[in-house]
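Input: a single structure, listed below in C-alpha coordinates.
The values are calculated or read from the model by the stated rules, or taken from the named source; none is laboratory data. In this text, all values refer to a predicted model and were calculated from it rather than measured experimentally. So basically every Cβ, Gly included, is an ideal-geometry build from the backbone, and we count neighbours across all protein chains shown. Side chains are part of the model used for accessible areas, which takes the heavy atoms of the whole protein and leaves out ligands, DNA and RNA. Shrake-Rupley method; radii C 1.70, N 1.55, O 1.52, S 1.80 Å.
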Amino acid sequence: MGPQLSDGVIALDRHTLADADAHLAGEDEEQARRFGWYPARSTPEGVRRAIVKWQREWATGSPTRVFAIRELETGALAGGCEVRLRDSALAEMSYWVFPLFRGRRYASRAVILACGWAFAELGVERMEIYVEPDNAASRSVALLAGFTEEGLLRARGRFGDERRDLVLYSRLPTDGKVNLEAAAKDHARETPL
(Lines give C-alpha, C1' and ligand atoms only; values in the text may rest on other atoms or scores of the structure.)
Protein backbone atom coordinates (compact mmCIF):
# COMPACT_ATOMS: atom_id res chain seq x y z
CA MET A 1 0.00 0.00 0.00
CA GLY A 2 1.42 3.37 -0.99
CA PRO A 3 1.23 6.53 1.08
CA GLN A 4 -1.81 8.80 1.21
CA LEU A 5 -0.85 12.46 0.97
CA SER A 6 -3.10 15.52 1.00
CA ASP A 7 -2.89 19.30 1.08
CA GLY A 8 -6.59 19.81 1.83
CA VAL A 9 -7.53 20.25 -1.85
CA ILE A 10 -6.12 17.15 -3.56
CA ALA A 11 -4.95 13.75 -2.36
CA LEU A 12 -2.24 11.48 -3.75
CA ASP A 13 -2.61 7.74 -3.26
CA ARG A 14 -2.36 4.48 -5.20
CA HIS A 15 -4.40 3.73 -8.30
CA THR A 16 -6.91 0.89 -8.05
CA LEU A 17 -8.53 -1.12 -10.81
CA ALA A 18 -11.71 0.87 -10.09
CA ASP A 19 -9.86 3.88 -11.60
CA ALA A 20 -9.56 2.28 -15.04
CA ASP A 21 -12.70 3.80 -16.59
CA ALA A 22 -12.01 7.29 -15.19
CA HIS A 23 -8.41 7.10 -16.39
CA LEU A 24 -9.44 6.05 -19.88
CA ALA A 25 -12.17 8.73 -20.07
CA GLY A 26 -9.76 11.43 -18.89
CA GLU A 27 -7.07 10.86 -21.50
CA ASP A 28 -6.86 13.27 -24.40
CA GLU A 29 -4.77 14.02 -27.46
CA GLU A 30 -2.44 16.36 -25.57
CA GLN A 31 -1.46 13.54 -23.21
CA ALA A 32 -0.97 11.16 -26.09
CA ARG A 33 1.35 13.62 -27.82
CA ARG A 34 3.22 14.48 -24.61
CA PHE A 35 3.88 10.87 -23.65
CA GLY A 36 4.71 9.77 -27.19
CA TRP A 37 1.92 7.36 -28.05
CA TYR A 38 -0.20 9.57 -30.36
CA PRO A 39 -2.09 8.65 -32.57
CA ALA A 40 -2.59 5.35 -30.70
CA ARG A 41 -5.23 5.35 -27.98
CA SER A 42 -5.32 3.51 -24.69
CA THR A 43 -7.62 0.55 -24.36
CA PRO A 44 -9.45 -0.62 -21.22
CA GLU A 45 -7.17 -3.67 -21.03
CA GLY A 46 -4.05 -1.53 -21.48
CA VAL A 47 -5.11 0.82 -18.68
CA ARG A 48 -5.82 -2.12 -16.36
CA ARG A 49 -2.37 -3.57 -17.15
CA ALA A 50 -0.78 -0.20 -16.37
CA ILE A 51 -2.60 0.05 -13.03
CA VAL A 52 -1.53 -3.49 -12.07
CA LYS A 53 2.05 -2.57 -12.99
CA TRP A 54 1.85 0.62 -10.88
CA GLN A 55 0.50 -1.40 -7.93
CA ARG A 56 3.33 -3.93 -8.32
CA GLU A 57 5.90 -1.10 -8.36
CA TRP A 58 4.61 0.11 -4.98
CA ALA A 59 4.59 -3.42 -3.54
CA THR A 60 8.14 -4.23 -4.65
CA GLY A 61 9.84 -0.91 -3.87
CA SER A 62 10.53 -0.24 -7.55
CA PRO A 63 12.46 2.91 -8.53
CA THR A 64 9.23 4.14 -10.20
CA ARG A 65 6.20 5.14 -8.12
CA VAL A 66 2.95 6.38 -9.66
CA PHE A 67 0.41 8.30 -7.59
CA ALA A 68 -3.24 8.87 -8.46
CA ILE A 69 -4.23 12.54 -8.15
CA ARG A 70 -7.70 12.79 -6.61
CA GLU A 71 -9.95 15.73 -5.97
CA LEU A 72 -10.27 15.59 -2.19
CA GLU A 73 -13.86 16.85 -1.99
CA THR A 74 -15.32 14.38 -4.49
CA GLY A 75 -12.69 11.62 -4.61
CA ALA A 76 -12.70 11.90 -8.43
CA LEU A 77 -9.56 10.76 -10.26
CA ALA A 78 -8.01 13.93 -11.69
CA GLY A 79 -4.76 12.53 -13.12
CA GLY A 80 -1.48 11.03 -12.01
CA CYS A 81 2.02 11.87 -10.87
CA GLU A 82 5.12 9.70 -11.34
CA VAL A 83 8.42 9.77 -9.44
CA ARG A 84 11.32 7.87 -11.08
CA LEU A 85 14.54 7.34 -9.11
CA ARG A 86 17.58 7.58 -11.36
CA ASP A 87 19.92 6.87 -8.45
CA SER A 88 19.76 7.18 -4.67
CA ALA A 89 20.01 10.99 -4.80
CA LEU A 90 18.27 12.00 -8.03
CA ALA A 91 14.68 11.55 -9.22
CA GLU A 92 12.66 12.72 -12.21
CA MET A 93 8.99 13.58 -12.07
CA SER A 94 6.18 13.72 -14.59
CA TYR A 95 2.46 14.26 -14.12
CA TRP A 96 -0.79 14.48 -16.03
CA VAL A 97 -4.11 16.14 -15.23
CA PHE A 98 -7.24 15.29 -17.17
CA PRO A 99 -8.90 18.15 -19.14
CA LEU A 100 -11.90 18.43 -16.80
CA PHE A 101 -9.57 19.24 -13.87
CA ARG A 102 -7.11 21.62 -15.55
CA GLY A 103 -6.83 25.24 -14.48
CA ARG A 104 -7.30 24.40 -10.78
CA ARG A 105 -3.60 24.11 -9.88
CA TYR A 106 -3.98 20.39 -9.17
CA ALA A 107 -0.75 19.65 -11.07
CA SER A 108 1.31 22.09 -8.98
CA ARG A 109 -0.24 20.74 -5.80
CA ALA A 110 0.54 17.15 -6.84
CA VAL A 111 4.13 17.99 -7.73
CA ILE A 112 4.65 19.73 -4.37
CA LEU A 113 3.21 16.77 -2.44
CA ALA A 114 5.18 14.18 -4.42
CA CYS A 115 8.43 16.16 -4.03
CA GLY A 116 7.94 16.43 -0.28
CA TRP A 117 7.33 12.69 -0.10
CA ALA A 118 10.39 11.84 -2.24
CA PHE A 119 12.66 14.13 -0.21
CA ALA A 120 11.41 12.78 3.14
CA GLU A 121 10.77 9.10 2.39
CA LEU A 122 13.29 8.26 -0.32
CA GLY A 123 16.10 10.62 0.71
CA VAL A 124 16.16 12.20 -2.75
CA GLU A 125 18.55 15.17 -2.91
CA ARG A 126 17.42 16.58 -6.26
CA MET A 127 14.17 16.40 -8.23
CA GLU A 128 14.02 17.19 -11.96
CA ILE A 129 11.19 17.92 -14.38
CA TYR A 130 11.65 18.11 -18.15
CA VAL A 131 9.24 20.34 -20.10
CA GLU A 132 8.80 21.08 -23.79
CA PRO A 133 9.85 24.71 -24.47
CA ASP A 134 6.46 25.66 -25.92
CA ASN A 135 4.43 24.11 -23.07
CA ALA A 136 3.63 27.25 -21.05
CA ALA A 137 1.26 25.41 -18.70
CA SER A 138 3.86 22.83 -17.66
CA ARG A 139 6.54 25.48 -17.31
CA SER A 140 4.17 27.36 -15.00
CA VAL A 141 3.52 24.20 -12.95
CA ALA A 142 7.26 23.72 -12.39
CA LEU A 143 7.75 27.31 -11.26
CA LEU A 144 4.67 27.30 -9.01
CA ALA A 145 5.95 24.07 -7.41
CA GLY A 146 9.24 25.72 -6.45
CA PHE A 147 11.45 24.45 -9.27
CA THR A 148 14.20 26.54 -10.85
CA GLU A 149 14.71 26.67 -14.61
CA GLU A 150 18.20 25.48 -15.52
CA GLY A 151 18.10 25.75 -19.29
CA LEU A 152 17.41 23.99 -22.55
CA LEU A 153 18.55 20.42 -23.17
CA ARG A 154 18.87 19.70 -26.87
CA ALA A 155 16.97 16.62 -28.09
CA ARG A 156 17.04 14.86 -24.71
CA GLY A 157 13.54 13.43 -24.91
CA ARG A 158 12.21 10.86 -27.34
CA PHE A 159 8.51 10.85 -28.13
CA GLY A 160 7.73 7.93 -30.40
CA ASP A 161 10.15 8.24 -33.31
CA GLU A 162 10.66 11.95 -32.73
CA ARG A 163 13.26 13.68 -30.53
CA ARG A 164 12.42 17.00 -28.87
CA ASP A 165 14.30 19.66 -27.01
CA LEU A 166 13.31 19.97 -23.35
CA VAL A 167 13.77 22.57 -20.63
CA LEU A 168 15.24 21.27 -17.36
CA TYR A 169 13.77 22.38 -14.02
CA SER A 170 15.18 21.27 -10.68
CA ARG A 171 14.27 21.47 -7.02
CA LEU A 172 16.26 20.65 -3.89
CA PRO A 173 14.95 19.75 -0.42
CA THR A 174 16.48 22.98 0.89
CA ASP A 175 14.34 25.05 -1.49
CA GLY A 176 11.79 25.13 1.35
CA LYS A 177 8.04 24.86 1.54
CA VAL A 178 6.07 26.37 -1.33
CA ASN A 179 3.04 28.57 -0.67
CA LEU A 180 1.08 27.71 -3.81
CA GLU A 181 -1.43 30.57 -3.51
CA ALA A 182 1.27 33.23 -3.00
CA ALA A 183 3.39 31.77 -5.81
CA ALA A 184 0.38 31.75 -8.15
CA LYS A 185 -0.33 35.43 -7.42
CA ASP A 186 3.29 36.38 -8.05
CA HIS A 187 3.37 34.30 -11.24
CA ALA A 188 0.10 35.85 -12.49
CA ARG A 189 1.61 39.35 -12.10
CA GLU A 190 4.64 38.29 -14.14
CA THR A 191 2.76 36.35 -16.83
CA PRO A 192 0.73 38.24 -19.44
CA LEU A 193 -2.58 36.61 -20.30
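Data for the structure
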quantity	calculated
Local net charge near Val124, Cβ-Cβ under 14 Å (Lys/Arg +1, Asp/Glu -1)	-2
Cut-off under 5 Å, modelled amide H: who pairs with Tyr95 long-range	Glu82
Estimated vicinal HN-Hα couplings, Hz - the stretch 112-117 in sequence order (Karplus 6.51, -1.76, 1.60; Gly, Pro = x)	4, 4, 5, 4, x, 5
3J(HN,Hα) from dihedral phi, the stretch 123-137, Karplus parametrisation 6.51/-1.76/1.60, rounded to Hz, x for glycine, proline	x, 5, 9, 7, 10, 10, 10, 10, 10, 5, x, 8, 9, 4, 5
5 angstrom amide H check on His15, placed H, neighbours 5+ away	Ala68
Surface share of carbon and sulfur [accessible, 1.4 angstrom probe, percent] for the stretch 1-138	53 percent
Whole-Hz couplings from phi, Karplus 6.51/-1.76/1.60, listed for the stretch 40-52; x for Gly and Pro	5, 10, 5, 10, x, 5, x, 5, 4, 4, 5, 5, 4
Residues with amide H under 5 Å from that of Glu132, placed H, sequence gap 5 or more	Val167
